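The values are calculated or read from the model by the stated rules, or taken from the named source; none is laboratory data. These figures come from a predicted structure and were not determined experimentally. Ideal geometry is used to build each Cβ from the backbone, glycine not excepted, and the neighbour counts take in all protein chains shown. Heavy atoms of the whole protein, side chains included, go into the accessibility calculation; ligands, DNA and RNA do not. Shrake-Rupley method; radii C 1.70, N 1.55, O 1.52, S 1.80 Å.
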Amino acid sequence: MVVAESVGTDVKQLTGDENKQESKPPSLLSLEIFRITKDAQQQHGLRHGDYQRYRGYCSRRLRRMRKVLKLPQGDRRHYRRRDVTAAHLTAANAENRLLCVPLLQAERAWAHAMQLRQEANTEPRKKFHLVARLRKAYAHAQTLLQLCESGACDARTQLEAGAYAAWLGGVLLLELQQWRAAADSLQRAQLVLENLSAALPDDERHVYRQKVEELKPSLRYCAYNIGDQSAAGDLAAMRGQGLIENLDTLMAQAKESRSGIMHEIEWRGRRVTVRPEKVRLFLIALQDYDKSVEGAQSVEAKIEILENILMDCKDAISSIREDVKNDPKLKSTTEAQASSICHLFTYLMYIRLKRTVHRNNLLVQQAEEARKRNAPLDGKKVRPQDLTRLYEIILQNYAELQMLPGLDGDAAYQREVETEMKAYRAFRCYYIAQVLTALRRFREALAMLERSSGYAAESLASELDDKRLLAKLENLRGEIESCKFEVHADSVLEDDDEDEEGRYTSGRPYKDKKPLAERLDEYREDTLALTKNPNVYKLPPAMEAVPCKPLFFDLACNFIEFPNLEDKTGAAGGKKQAAGITGLVKGFLGWGSEK
């Protein structure tokens, strides 16, 4: 697609992706007229009502466009008019930018007319010049329409060119105060824009809806000047002129051509345009991937193809995140565009999770086949615990499916996911019951089998679209019934109160939870005694209650007066002898005396 180019900066909004051009039919050109003009007007002055600046941009852009397309109008000294003709569009080197030449000429003349309208408030004579410029703009729009209808452009471009010419014709007739003709022309443009808006995805409708809203004041003004009776008619007269039938045909052609130009998805009743190149290529290749999975001969080959799909899907999701993060235009998108990007992201997450569930189901199938043959898988024997873990992973994937953004309010989607979750809960409970049976926990195993039977009955009562899952649930119900009888029989044998002699002499190995140290006076054929983990003694031993040791406090010592034994120990005599001659000398010299 072609877009406008900025003048004051080096930013150029050039022709759309080269891959998209290569995917188009080479003989058909495409131009999104209203989107191009809207972007250029917003970037070059019309956001502030500066028509002079926009007019200058159109002149400079037109000059550069002619230079690039090698359509100069003479040299510096001489002027030779050169217009774009149908021969240019059908040439081998024809490109979309050829249609920009008459479009920019029309935009330049229209911008000049709007500038004159602002100046005519103080200079009434400029209204004549205003009408002349509008005539020139309408003439260029008619030239653009003729080029588009020459067979070199696609249906959408023809529709947009017709609406653009009808709009400029309505503006000219409105200025000439030809109310009825102006209303007819504006209604024609409004009809085409409304049909285009209805046929395009949500993220592309904003431009056309905004243009329809801009036409309503002019239509009301025409109706006021014509009178209510003549303005009250609808568009039934246009149907009699063959406009609507032609419009429907062109819309059908536009939809067919867009399927090859830009990939679109329709999911959960909503259509979204896929713009990121990685996402578009992934969605196109996804159909081939699914066919490859169906045509694969072995389970291992199918798993390998699904893993490749998951890797490509992961890259596509990452590309959307990077585009939203790095592109400033996507950060400042409108609410409709943001919801469109979110819906595309949700769709890719849905694809990833559903393909993950498919891969895990293939892993379950592989493990069940190995278990039936009693053959090892990846060097290990398949146990019920392994299948339980796989079904746990599947249920986690479905829990993520329930929490996808934008699908919380979709009641039908939530019911579908919940129904499939009940089916997989039935399988998980069945294998948990087998694990509990191996551990001789028969009551818990019977409870899990009852729960599995309930989940299976609820899933079969609901409408499941997966025929393979329905067949597995039917087989599961029969296996649950047979497993119930086996578990019940083992439980009766376990709890049978036979006499001690018959129990231990019958030759049947008996399993008891008591350790050998607690039943030394009993003889039992305990098979665990010969294994690597015999039940001999319980370690660590159980805690036992012991009496607390009493604490004694010696309080009577504080109230007993003991006898004086100094005379018997000699402590007082030793002190007197120590204070003999030495004490006399200390007292005479004045040192050593006690103060």
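For the reader, a short list of remarks on this structure follows.
- Among (1) closer than 18 Å to Ala471 by Cα; (2) out of contact with any helix residue (DSSP H, G or I) (no Cβ under 8 Å at 6 or more places or on another chain) - the single one Arg415 does not satisfy: (1)
- Scanning segment 334-387 for residues that are among the hydrophobic types (A, V, I, L, M, F, W, C), open to solvent by 40 Å² or more (accessible area, probe 1.4 Å) and either free of Cβ contacts under 8 Å to residues at least 12 places away in the same chain or farther than 19 Å from Leu283 by Cα (or both) returns Ala336, Ala338, Leu363, Leu377.
- Some residue of segment 58-65 being surrounded by 18 or more Cβ atoms within 10 Å (Cβ to Cβ), modelled with pLDDT of 85 or more, among the charged types (D, E, K, R) and over 30 Å from the mean Cα position of the chain (by Cα): yes
- Ala445 assigned to a helix (DSSP H, G or I), of a type in the set (A, V, I, L, M) and surrounded by fewer than 17 Cβ atoms within 10 Å (Cβ to Cβ): no
- One residue stands out among those in segment 174-206 that are open to solvent by less than 30 Å² (accessible area, probe 1.4 Å) and modelled with pLDDT under 90: the one that is nearest to Ile36 (Cα to Cα), which is Glu204.
- Selection within segment 10-57 - modelled with pLDDT of 85 or more and among the basic types (Lys, Arg): Arg35, Lys38, Arg47, Arg53, Arg55
- Helices (runs of 4 or more DSSP H) contained in segment 134-229 and holding at least 2 residues closer than 30 Å to His88 by Cα and among the charged types (D, E, K, R): 155-175
- Residues (among the charged types (D, E, K, R) and under 30 Å from Asn326 (Cβ atoms)) located in segment 273-301: Arg275, Glu277, Lys278, Arg280, Asp288
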